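Presented below is the structure to which this report refers.
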Amino acid sequence: MSDSEPPDRVLPDKPSYRPLERFWPYAELPEQPTEEELAQANPELRAVLFGKPALPFSLSLEFPAFSGPSYDRAVTLARRSDEHVEFVSEGVTRHRARFFPARAKDLRDLYELVAAVPGSEVLVDDRRVPYARELWLPLVYLLIR
């Protein structure tokens, strides 16, 4: 074998058909998540993917949908929070309402409605911390005038 000989050409100069430029059998999907998808993402996942956002200190109340006369009032108060997200987790509709310290009265009003609901949680800067109900909530309540 000689190194100077070029290999025989396998493909013709002009192909008889042209392949489609579309490689995926899916519709045109965006490469980046939408704002709605990002809002519904778990805050811990968001922090891992995009870094911790530069937000001030906040307390969040997370509670499941429940039956009772105070549910509609609780959802109304949650929607008036600084940031409200409604999502489905394990087949249960849940609400997460974030409050900054200036809205301590609204936080207290919503907490009074959902405190006895099984599965409700208090998050400090979107994390579950020990004594969130017993320590952090009363400290923020001191800001109510």
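Data for the structure
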| read-out | value |
| --- | --- |
| Point-to-point label distance, Leu139-Arg79, nm (Cα→Cβ direction, 7 Å offset) | 3.3 |
| Given charges at Cβ of Lys, Arg, Asp, Glu: segment 56-141 dipole, positive-most of Tyr111, Val140, Gly91 | Val140 |
| Segment Glu86-Tyr131, extension gain: residue separation times 0.36 nm, minus the distance between their alpha carbons | 13.7 nm |
| Förster radius 22 Å - calculated FRET efficiency between Thr93 and Glu44, Cβ distance, rounded to 0.05 | 0.65 |
| Per principal axis, descending, Cα span of segment 39-139 in whole Å | 39, 34, 25 |
| Where labels lie 7 Å past Cα in the beta-carbon direction, separation of Asp13 and Ala54 in nm | 6.1 |
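Only the coordinates and a few stated rules stand behind these numbers; no lab work does. Quantities reported herein were computed from a predicted structural model and do not represent experimental measurements. Note: ideal-geometry Cβ built from the backbone for every residue, glycine included; neighbour counts use all protein chains shown.
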